[in-house]
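A.B. asks: Here it is, the structure, as structure tokens.
The values are calculated or read from the model by the stated rules, or taken from the named source; none is laboratory data. On a predicted model such as this, the values are computed, not experimentally measured, just so you know. Cβ placement follows ideal geometry from the backbone for every residue including glycine, while neighbour counts extend to all protein chains displayed. Keep in mind that these areas ignore ligands, DNA and RNA; they rest on the heavy atoms of the full protein, side chains included. Shrake-Rupley method; radii C 1.70, N 1.55, O 1.52, S 1.80 Å.
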Amino acid sequence: MYEVKCIGILTSGGDAPGMNAAIRAITRTAIYHGIAVKAIYRGYRGLITNEITDFKTQSVSNIIQQGGTILKTARCMEFKTPEGRKQAHDNMVAAGIDALVVLGGDGTFTGARIFGQEYSIPIVGVPCTIDNDLFGTDYTIGYDTALNTIIQCVDKIRDTANSHERLFFIEVMGRDAGFLALNSALASGAEAAIIPEIVTAVDQLEELIENGFRKSKNSSIVIVAESDITGGALGVAERLKKEHPEYDARVSILGHVQRGGSPTAADRILASRLGSAAIDALLDEQRSIMVGIVNDEIVYVPFNKAIKDEKELNRSVLDILRILSI
Ligand code: ADP
């Protein structure tokens, strides 16, 4: 049994559009319930270097539409050491913080799980990553915005691809998960998606060549997830050049543009609901859990499961993509 009087909020790891909307929801829901809020800057690093300030309702005014994170984010190796975490705990106690809400991905939750256990601190996680690769939630904050950014870029590349009647390999983020690649391919009318989930089972490039790019098509677009195994879009294009020199392919790597921009309505709504749910979870005496959304309902997922379990891609989308590209 514990009573939370003051929470600390931090954003950590990779940034994602919608983090600010979540910070706003967490802050205002906490204050609504009489809980004080302290903002911790630069993720776990700020906890160690004591970058902590009070947050009021107006501290989060006019941020719902902003990409990135007003709290900044950082990767912090020191937090992986017991000494670093002790310093973080000392600062937390000195600031009067008795619970944490952490926004990030599986690295952030791994740190939270260890820290929470070590010092018996209630910690709730809010899933923020454009990759959508966290188990236990249908969607993560930032994914929808990134998807929309990608299809806007692909639409533009299609204009030039069409004019020159060219084949394009477009690389998107998602080293370990093909959600962005697969669904952006479907949403942009691409020919195919080369994704990490099936990279070892099937030679997707060979399959693509065997099926043949439709002859009547003016252009072809293939979305490729970044990957150490395939070498991403550049790797796939190089292979094509070597093995099938009759094709003249171009490469476009979208890069960090995918992380930025004003969050979509879907991400703002998700962030507002999950941010609010994070405070409800603390009031419910939950600890070491991530809040998630499944079938439009809020769920609590133990950090262990969110980190370790693999979120399955819906493979039927691959079949639809194949059918729609004939
Ligand atoms: P993400 O949350 O986007 O997956 P990272 O993997 O970079 O991002 O993790 C963010 C931060 O979480 C790291 O910089 C580190 O401070 C903390 N972290 C990650 N793994 C651990 C760990 N095993 N022990 C303690 N802290 C960790």
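A.B. asks: In whole percent, and with a 1.4 Å probe on the protein chains, what portion of the accessible area of the chain is carbon and sulfur?
C.D. replies: Values: 7210 of 14510 Å².
Carbon-and-sulfur percentage of accessible area, whole number: 50.
A.B. asks: Tally Lys/Arg at +1 and Asp/Glu at -1 over every other residue whose Cβ is under 14 Å from the Cβ of Thr69; what's the total? Kindly include the intermediate steps, with their values, before the conclusion.
C.D. replies: Working: positive: Arg24, Arg42, Arg45, Lys72, Arg75, Arg259; negative: Asp15, Glu51, Asp267.
Taking every Cβ under 14 Å from that of Thr69, the sum is +3.
A.B. asks: Find, to one decimal place in angstroms, the Kirkwood hydrodynamic radius of the chain, where the mean of 1/r is taken over every pair of different Cα atoms and then inverted.
C.D. replies: Values: mean 1/r = 0.0483 Å⁻¹.
Answer for the chain: a Kirkwood hydrodynamic radius of 20.7 Å.
A.B. asks: To continue, here is another question. Send over a whole-number figure in Å² for the accessible area per residue of region 145-259, probe 1.4 Å. List each step's numbers first, then the result.
C.D. replies: Working: 5410 Å² over 115 residues.
For region 145-259, the per-residue accessible area is 47 Å².
A.B. asks: Out of Ala249, Val154, Gly178, whose Cα points farthest toward the positive end of the dipole of region 145-259 (charges: +1 Lys, Arg; -1 Asp, Glu; placed on Cβ)?
C.D. replies: Comparing the listed Cα positions along the dipole, Val154 ranks first.
A.B. asks: If packing is taken as the average number of other Cβ atoms within 10 Å across a peptide's residues, how do 21-27, 82-88, 265-271 rank, most packed first? Provide the component values of the computation, followed by the final result.
C.D. replies: Values: 21-27: 26.6, 82-88: 16.0, 265-271: 21.0.
Result, highest mean first: 21-27, 265-271, 82-88.
A.B. asks: Using only Cα atoms and rounding to the nearest 10 degrees, what angle (0 to 90) does helix 179-188 make with the longest principal axis of the chain?
C.D. replies: 50
A.B. asks: Quick check for me: using +1 on Lys/Arg Cβ and -1 on Asp/Glu Cβ, what's the dipole size of the chain about its Cα centre, in debye to the nearest 20?
C.D. replies: Magnitude of the dipole: close to 860 debye.
A.B. asks: Can you tell me the order of 14-20, 246-252, 108-114, 230-236 when each peptide is scored by its average per-residue count of other Cβ atoms within 10 angstrom, highest first?
C.D. replies: Values: 14-20: 28.0, 246-252: 14.1, 108-114: 23.4, 230-236: 19.9.
Ranking, from highest mean packing down: 14-20, 108-114, 230-236, 246-252.
A.B. asks: Helix 106-119 against the longest principal axis of the chain: what's the angle in degrees, Cα atoms only, rounded to the nearest 10?
C.D. replies: 20
A.B. asks: Accessible area per residue, 1.4 Å probe, Å², for region 1-65: what's the number?
C.D. replies: Details: 2640 Å² over 65 residues.
With the other protein chains kept in place, region 1-65 gives 41 Å² per residue.
A.B. asks: What distance in nm separates the simple spin-label points at Val257 and Ile63, each placed 7 Å from Cα in the Cβ direction?
C.D. replies: 2.8
A.B. asks: Now, a different point. What is the distance, in nm, between label points placed 7 Å from the Cα along the Cα-to-Cβ direction at Asp54 and at Ile326?
C.D. replies: 6.7
A.B. asks: Could you please report the charge total around Gly275, scoring K, R as +1 and D, E as -1 over all other residues with beta-carbon less than 11 angstrom from its beta-carbon? Don't skip to the end; give the middle numbers.
C.D. replies: Working: positive: Arg24, Arg28, Arg268, Arg273; negative: Asp280.
Overall, the nearby charge balance is +3.
A.B. asks: Could you size up the charge dipole of region 145-259 around its Cα centre, putting +1 on the beta carbon of Lys and Arg and -1 on that of Asp and Glu, and report it in debye to the nearest 20?
C.D. replies: Numbers: 12 positive and 17 negative charges, 85 e Å.
With only Lys, Arg, Asp and Glu charged at Cβ, the dipole is about 420 debye.
A.B. asks: About its Cα centre, how strong a charge dipole does region 238-326 have in debye, to the nearest 20, once Lys and Arg get +1 and Asp and Glu get -1 at the Cβ? Don't skip to the end; give the middle numbers.
C.D. replies: Working: 13 positive and 14 negative charges, 70 e Å.
Charge dipole, region 238-326, about its Cα centre: 340 debye, nearest 20.
A.B. asks: Tyr119 versus Glu243, label points 7 Å from Cα toward the beta carbon: distance in nm?
C.D. replies: Once both label points are built, they end up 5.2 nm from each other.
A.B. asks: With axes computed from alpha carbons, what is the tilt in degrees of helix 82-94 against the longest principal axis of the chain, rounded to the nearest 10 within 0 to 90?
C.D. replies: 50
A.B. asks: A follow-up question, please. How would Ser262, Ser12 rank on accessible area, largest to smallest, probe 1.4 Å?
C.D. replies: Ser262, Ser12
A.B. asks: Next up: Rank Ile223, Gly142, Thr49 by how far each Cα sits towards the positive end of the charge dipole of the chain (+1 on Lys, Arg Cβ; -1 on Asp, Glu Cβ) and give me just the farthest.
C.D. replies: The Cα lying farthest towards the positive end belongs to Thr49.
A.B. asks: Something else about it: Near Asn20, within a Cβ-to-Cβ distance under 11 Å, what is the net charge of the other residues, with Lys and Arg +1 and Asp and Glu -1?
C.D. replies: Details: positive: Arg24, Arg268; negative: Asp15, Asp267.
Once positives and negatives cancel, what remains is 0.
A.B. asks: Hey, if you put +1 on the Cβ of every Lys and Arg and -1 on every Asp and Glu Cβ in region 179-326, which of Ile279, Ile326, Val294 ends up farthest toward the positive end of that dipole?
C.D. replies: Ile326
A.B. asks: Straight-line reach from Lys242: which aspartates and glutamates fall under 14 Å, measuring Cα to Cα and dropping same-chain residues less than 8 apart?
C.D. replies: The qualifying aspartates and glutamates are Glu206.
A.B. asks: In addition: Can you give the accessible area of Met77, probe radius 1.4 Å, in Å² rounded to 10?
C.D. replies: Counting only protein heavy atoms, Met77 exposes about 130 Å² to solvent.
A.B. asks: If you average the C-alpha positions of region 3-60 and of region 61-112 separately, how far apart do those two centres end up, in angstrom?
C.D. replies: With region 3-60 and region 61-112 each reduced to a Cα centre, they are spaced 9 Å.
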